[in-house]
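Structure first, commentary second.
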Amino acid sequence: MVERVLREREEREEFGREIERKEHEIRAERAQKKREREARELEEARGWPQQQEPVTGQSLWLCEHYQRHCRVRFPCCTNFYSCHRCHNNSKECDNEEAKASHATHLKCSYCHHEQEIGEDSAKCRSCGAKVSAYFCGICKHFTSIDKNPYHCEKCGICRIHKDKSFHCDVCNVCLDKRLQGKHKCRPDSGHDECCICLEDAFSGCQILPCSHKVHRECAIAMIQNGIRTCPVCRHPLYSPAPE
């Protein structure tokens, strides 16, 4: 009698362990499939055409934002900063919304000559040194030509990758050439809000397959949180996984 009870107990315990192993295997398999699906979705999202970005840069020059040999000054304070972003990130001025076009003066990094920014500001008026490879007198952008920057008259700002972009007159924004003739035009949609954070998308964002716009960071967060359709029209964000 005792032996039978012990044997039945062992069988129940073994059955319980087997169930636990199966559940662990199922959870592991599901987790692996989820990781593979998210990796595939993120990879596909990286391939979505982009709205062409405004001029920016990443370097180890005066700052991480632009490749230049000058600092600029804004009407709100007397200090010179590496760029408007550095100004906005500093604690020395209360104004956190300065734009590149707001700059009034530059200081040459070679001879420290200070001058008012004008159409000839690509070079220092004192030593003649070239302070940047690219300069736009309208936007007052000083940077490199690595990303083929250009000023779009219709957008009214400087953008990058001139060879890869075109201006859509209906959407009223510069887009990736891969979208030429292959996107849904809506009048002035270039000024749409990001459908996730609701901030302006004109300065550069990701174009969803349905043509709605979302910032790159918002798109990644959307996928990581299990959102599989456009928040506006519910169009699928990516094609179904192959069988």
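Before moving on, here are some points about what is shown:
- Meets criteria (aliphatic (A, V, I, L, M), at pLDDT below 85, more than 24 Å from Cys158 (Cβ to Cβ) and in contact with a helix residue (DSSP H, G or I) (Cβ under 9 Å, 6 or more places away or on another chain)) for Leu198: no
- Of the criteria (1) in contact with a Pro (Cβ under 8 Å, 6 or more places away or on another chain); (2) open to solvent by 60 Å² or more (accessible area, probe 1.4 Å), which one Thr143 fails: (2)
- Close pairs from the stretch 203-229: first in a strand (DSSP E or B), partner among the small types (Gly, Ala, Ser), Cβ under 6 Å, at least 6 apart: Gln206/Ala219; Lys213/Ala201
- Criterion violated by Cys197 - all others in (1) in contact with a Ser or Thr (Cβ under 6 Å, 6 or more places away or on another chain); (2) outside any strand (DSSP E or B) satisfied: (1)
- Flag if Pro149 is of a type outside the set (Gly, Ala, Ser), on the phi < 0 side of the Ramachandran plot and modelled with pLDDT under 80: no
- Qualifying residue in the stretch 136-147 (condition: aromatic (Phe, Trp, Tyr), in contact (Cβ under 8 Å) with a residue 24 or more places away in the chain and within 30 Å of Glu114 (Cβ to Cβ)): yes
- From the options Lys123, Lys130, Lys107, Lys99, residue that is touching a residue at least 24 places away in the same chain (Cβ under 8 Å) and closer than 21 Å to Cys158 by Cβ: Lys130
- Whichever residue in the stretch 146-191 is part of a loop (DSSP other than H, G, I, E, B) and open to solvent by 100 Å² or more (accessible area, probe 1.4 Å) and, among such residues, is nearest to Tyr81 (Cα to Cα): Asp146
The values are calculated or read from the model by the stated rules, or taken from the named source; none is laboratory data. Treat the numbers as computed from the prediction; the structure is a model and nothing was measured. Cβ: placed from backbone, ideal geometry, glycine included. Neighbour counts: every protein chain shown. Heavy atoms of the whole protein, side chains included, go into the accessibility calculation; ligands, DNA and RNA do not. Shrake-Rupley method; radii C 1.70, N 1.55, O 1.52, S 1.80 Å.
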